[in-house]
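Notes to accompany the following structure.
The values are calculated or read from the model by the stated rules, or taken from the named source; none is laboratory data. These figures come from a predicted structure and were not determined experimentally. All Cβ positions, glycine included, derive from the backbone under ideal geometry; neighbour counts span all protein chains shown.
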Amino acid sequence: MIMRFVTIYLAVLATSVVIAHRIGVDSNLKSFVSPYEEILCQDPADIVFVLDSSRSVTQTDFKKELDFVSSFVNDMDIGADKIRIGVVTFSDNVKTEFELKEFSHKQDIQNAVSNIAHRSRSTNTWLALKHIRTESFITDHGGRVGIPKIAILVTAGGSNGKSKTLNEAKLLHNDPIRIFTVAVGNRVDDDELRAIASKSENAFKVPDFNSLATIEDKVKQNFCRKGEIFCHNPADIVFVLDSSVSVTQTDFKKELDFVSSFVNDMDISSDKIQIGVVTFSDNVKTEFELNKFSQKQDIQKAVSSIAYRSGSTNTWLALKHIRTESFTTDHGGRVGIPKIIILVTASGSNGKSKTLNEAKLLHNDPLRVYTVAVGNRVDDDELRAMVSKPESILKVKDFNSLSTIRNTLKQKVCKRVCGVVPSDIIFVADASTSIWDADFKKQMDFIISFVKDTVVGRNNTQIGMVSFSTNVINHFYLNAKTSRAAVISALKGLKQSHGDTYTSKALRFIRTQAFLPSNGGRPDVPHIIIVITDGQSTTPQDTLKEAVKLAQNNIIAFTIGVGKQVDLNELRVIAGDSSRMFEVANYDTLHTIEKKLFSKVCKVEISQQV
């Protein structure tokens with residue numbers, strides 16, 4: 001089969017988000033996808049990774065095990081009085097690679113992790129459990145009194161000495177240590193996993209080491225949050241509240257309580273999260289602007305004083321007001337900060353055509369819109385028109401149920417996005433004959449999903465689109481589409497050209513044409529590519545030469561290999577760094593690496609360009 005590359009020039013100092021999969025070890029641990037978000041662990045904890053370094057793990061896979069730890073640590077608030085990290089490896093014996101007290105800086109931990117050697121030999125899991133119980137968390141090794149103790153065990157095989165392992169697991173549960181197990185492949189022992197994990201939801205399973213990234217956030221979510229989610233990423237958030245006749249005065253009070261409760265978990269300040277509130281009925285009223293309050297209590301007090309107004313449900317007026325007024329700098333809107341709208345309504349609007357038109361205009365601006373629909377009198381067409389993604393619509397049966405979706409909404413709102421810092425992104429998609437039409441569409445859907453969480457605009461992220469087969473087709477340059485809606489519309493209409501897989505021609509076009517200033521390329525922002533492939537290019541030597549030239553021209557590449565026929569060396573050379581190379585089983589599983597790809601791409605800084 002021929003090579004598939006979707007070369008995506010992605011760049012941005014903005015932040016990330018995620019899809020994480022949790023795959024259960026039995027019928028009680030069903031697989032599911034967690035919300036698309038980034039999770040940052042902030043609460044103090046002592047965390048020890050326990051890594052399988054036995055012969056059940058190849059040297060290549062052991063490197064992926066280490067990469068999993070390094071990536072995991074990247075979202076930890078590391079410090080002597082915050083989160084501490086230790087690492088233990090096991091095979092026929094146990095080795096403390098470094099203790100909890102050894103490092104207090106993230107980079108030092110990641111450097112130490114990258115230098116851990118693979119040891120092979122037997123899988124003596126029971127010795128590792130005993131070591132954790134008796135050594136890893138004691139004060140001499142950096143364990144702290146009154147701080148959560150967490151062990152994360154990664155293994156790819158059943159242990160030598162099952163009875164000893166089960167006994168050590170039982171003893172371990174007598175201590176206040178929370179244990180998470182990550183099982184890789186089909187040679188693990190499910191009985192051991194259930195016995196080792198503190199509870200069933202702490203046991204995770206993935207088919208191979210390439211899939212470790214898919215459960216990273218779900219593992220973190222189990223101990224980085226205690227039921228509530230705290231938003232800390234800078235954002236300008238405007239609540240748009242239905243104050244019309246479709247909402248009773250009693251229910252309007254519940255609407256205000258919902259806002260106040262939501263704000264309670266925000267990091268409010270003039271340089272973090274700003275909150276504004278708009279109400280609508282016959283007309284629109286700005287209750288307070290984004291720059292009015294910088295203290296949480298002041299916002300909540302102002303919210304509690306908002307008066308109910310009754311009147312018609314003129315949603316379209318609210319959308320127009322948001323688009324033209326709410327996020328302007330005069331009203332407290334900040335340049336380069338995500339702009340978020342949370343609209344709560346209990347019915348369809350007066351003037352549906354006007355509402356649909358205003359919703360369409362709203363998507364021309366880099367705004368993220370979430371709708372909270374209450375009851376059964378809402379208009380689904382309007383809701384779908386307002387949001388950029390269907391999952392941005394949340395529905396509840398009545399106002400008493402608003403509290404049930406508060407955390408879900410926060411998970412969506414608190415995620416970081418690509419594009420608030422300028423970047424130039426070019427997608428380069430394989431459109432050759434060897435790709436089935438259905439799989440080509442899945443590539444486009446994957447790109448569209450990425451774009452939906454990207455802030456598109458001349459001062460944010462610019463998007464370009466190129467496809468290739470025998471020839472290269474430029475669908476649109478960076479400066480051609482200036483809104484997210486325009487980019488998505490163009491992507492939906494993109495046709496597969498068919499032909500051979502001349503990846504080299506695509507890379508040459510990217511290098512020589514795509515980022516030229518006349519085509520929208522900006523010299524002061526990062527330039528990046530992502531390649532999706534399921535085989536080798538038609539002219540592999542030319543492809544490798546072009547890949548080297550890309551790096552010489554400060555272009556950062558991300559590659560995705562699909563299936564078993566990929567040329568891993570080609571992917572590595574194009575990416576320039578193995579950490580920017582991804583593998584998936586087929587086009588249906590592209591979504592499993594979306595979070596990790598998004599996270600890595602959105603953390604690229606201009607200084608990282610080679």
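With the requirement that a residue be within 19 Å of the chain's Cα centre (by Cα) and not aliphatic (A, V, I, L, M), what does region 443-476 give you?
Answer for region 443-476, where residues must be within 19 Å of the chain's Cα centre (by Cα) and not aliphatic (A, V, I, L, M): Gln443, Asp445, Phe446, Ser449, Phe450, Lys452, Asp453, Thr454, Asn460, Thr461.
Out of the strands (runs of 3 or more DSSP E) lying entirely within region 175-269, which hold 2 or more residues that are in contact with a Phe, Trp or Tyr (Cβ under 9 Å, 6 or more places away or on another chain) and under 30 Å from Gly143 (Cβ atoms)? Let's see the steps before the verdict.
Details: elements: 177-184, 203-206, 235-242.
So the answer is 177-184, 203-206.
Just a yes or no: is a residue in region 106-126 surrounded by fewer than 20 Cβ atoms within 10 Å (Cβ to Cβ), free of Cβ contacts under 8 Å to residues at least 40 places away in the same chain and under 22 Å from Arg194 (Cβ atoms)?
no
Where residues in region 293-321 are touching a strand residue (DSSP E or B) at 6+ places or on another chain (Cβ under 6 Å) and not in a loop (DSSP other than H, G, I, E, B), which of them is surrounded by the fewest Cβ atoms within 10 Å (Cβ to Cβ)?
Checking each candidate, the answer is Ala302.
Output the residues belonging to region 476-496 that are surrounded by fewer than 18 Cβ atoms within 10 Å (Cβ to Cβ) and either of a type in the set (Asp, Glu) or over 21 Å from Lys360 (Cα atoms) (or both).
Listed by number, the list holds a single entry, Lys495.
Between Phe68, Phe72, which is modelled with pLDDT of 90 or more, within 24 Å of the chain's Cα centre (by Cα), part of a helix (DSSP H, G or I) and not basic (Lys, Arg)?
Values: Phe72 fails: modelled with pLDDT of 90 or more.
None of the others qualify; the one that does is Phe68.
Do you know which residues across region 387-406 are surrounded by fewer than 17 Cβ atoms within 10 Å (Cβ to Cβ) and either at pLDDT 90 or above or over 24 Å from Leu361 (Cβ atoms) (or both)? Can you show your working first?
Residues of region 387-406 that are surrounded by fewer than 17 Cβ atoms within 10 Å (Cβ to Cβ), as a first pass: 389-391, 395, 397-398, 400-401, 403-405.
Scanning region 387-406 gives Lys395, Lys397, Asp398, Asn400, Ser401, Ser403, Thr404, Ile405.
I want to confirm something. Restricting to region 270-289 and keeping residues that are in contact with a strand residue (DSSP E or B) (Cβ under 6 Å, 6 or more places away or on another chain) and acidic (Asp, Glu), which single residue is surrounded by the most Cβ atoms within 10 Å (Cβ to Cβ)?
Result: Glu289.
Looking at region 225-257, which of the residues that are among the aromatic types (Phe, Trp, Tyr) and within 26 Å of the chain's Cα centre (by Cα) is modelled with the highest pLDDT?
Just the residues of region 225-257 that are among the aromatic types (Phe, Trp, Tyr), to begin with: 230, 239, 252.
Next, only the ones that are within 26 Å of the chain's Cα centre (by Cα) stay: 230, 239.
Details: Phe230: 62, Phe239: 98.
This residue is Phe239.
For Ser326, are the conditions met, namely being modelled with pLDDT of 95 or more, closer than 20 Å to Ser294 by Cα, hydroxyl-bearing (Ser, Thr, Tyr) and assigned by the TED database to the domain that holds Ser403?
Values: modelled with pLDDT of 95 or more: yes; closer than 20 Å to Ser294 by Cα: yes; hydroxyl-bearing (Ser, Thr, Tyr): yes; assigned by the TED database to the domain that holds Ser403: yes.
Judged against the criteria, Ser326 is a match.
May I ask you to verify whether Ser305 is of a type in the set (Gly, Ala, Ser) and under 25 Å from Asp381 (Cα atoms)? Steps first, answer last, please.
Values: of a type in the set (Gly, Ala, Ser): yes; under 25 Å from Asp381 (Cα atoms): no.
No: the conditions fail for Ser305.
Report whether or not Gly146 is in a loop (DSSP other than H, G, I, E, B), of a type in the set (Gly, Ala, Ser) and farther than 22 Å from Ser56 by Cβ.
Values: in a loop (DSSP other than H, G, I, E, B): yes; of a type in the set (Gly, Ala, Ser): yes; farther than 22 Å from Ser56 by Cβ: yes.
So Gly146 passes the test.
Checking Lys354 against (1) under 21 Å from Leu394 (Cβ atoms); (2) in contact with a helix residue (DSSP H, G or I) (Cβ under 8 Å, 6 or more places away or on another chain), which single condition isn't satisfied?
It fails just one condition, (1).
Run Asn93 past the list (1) touching a helix residue (DSSP H, G or I) at 6+ places or on another chain (Cβ under 7 Å); (2) surrounded by 20 or more Cβ atoms within 10 Å (Cβ to Cβ); (3) polar (S, T, N, Q) and report the number of the one that doesn't hold.
Against the list (1) touching a helix residue (DSSP H, G or I) at 6+ places or on another chain (Cβ under 7 Å); (2) surrounded by 20 or more Cβ atoms within 10 Å (Cβ to Cβ); (3) polar (S, T, N, Q), Asn93 comes up short only on (2).
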